[in-house]
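Below: one structure, written as structure tokens.
The values are calculated or read from the model by the stated rules, or taken from the named source; none is laboratory data. From a predicted model like this one, the values you see are computed outputs, not experimental measurements. Cβ placement follows ideal geometry from the backbone for every residue including glycine, while neighbour counts extend to all protein chains displayed. Ligands, DNA and RNA are excluded from the accessible area calculation, which covers all protein heavy atoms including side chains. Shrake-Rupley method; radii C 1.70, N 1.55, O 1.52, S 1.80 Å.
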Amino acid sequence: NVVVYAATIAITALAMFAVASVGNTQLVGIASIGGWLAFFVGAFFYFTLMESGERGATLGKRAFKLRVVTVEGHERIGYGRAVGRFFAHGISSLILYIGFLIQPFMPRKQALHDMICGTAVVARGPASSVLVGVTIVFGLLAPIGIIAAIAIPAYQDYAVRAKVSEALIAASPA
């Protein structure tokens, strides 16, 4: 999903810049909508085909040796159930991703979309500890990077405003 998302952002940005260079603002909006539509279609086919396929897992799940199966018989899910699971992800995301966050606290360790579709994500074997460690490190670094990207320019703006205020106070008659 991350790869599909990153590719969509790159393609959409390129299309928007190309269209913006022409100067037509309506076409920029159309390029943006087209990019997000391409993301949705790409994600739809990626998830549904991979999870209903022979291995029953996306590339990320394969790396962690996970598989999506039916709750009843631990069998491979069909395409229809994979489609339902894809759209149920939207329900899991509705209120602050609570449908995903409940997963560790449920008896079968299912997220909301899994409960809706009668599926479960099961381990095929132990995941590589190196892969888990790298994921945890990047999972912790990403929020720090986002916060830094917001905080550093805000602080720089604050510092400039403080210098301007000091200069105005120094320049005003006493």
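Taken over the range 12-48, the residue count meeting the criterion of being closer than 28 Å to residue 83 by Cα, open to solvent by 50 Å² or more (accessible area, probe 1.4 Å) and either over 19 Å from the mean Cα position of the chain (by Cα) or among the small types (Gly, Ala, Ser) (or both) is 2. May I ask you to list the residues in the range 129-174 that are within 23 Å of the chain's Cα centre (by Cα) and over 30 Å from residue 65 (Cα atoms)? 147, 148, 149, 150, 151 - these are the residues of the range 129-174 that are within 23 Å of the chain's Cα centre (by Cα) and over 30 Å from residue 65 (Cα atoms).
In this structure, is residue 28 more than 17 Å from residue 119 (Cβ to Cβ) and out of contact with any helix residue (DSSP H, G or I) (no Cβ under 8 Å at 6 or more places or on another chain)? Against the criterion (more than 17 Å from residue 119 (Cβ to Cβ) and out of contact with any helix residue (DSSP H, G or I) (no Cβ under 8 Å at 6 or more places or on another chain)), residue 28 does not qualify.
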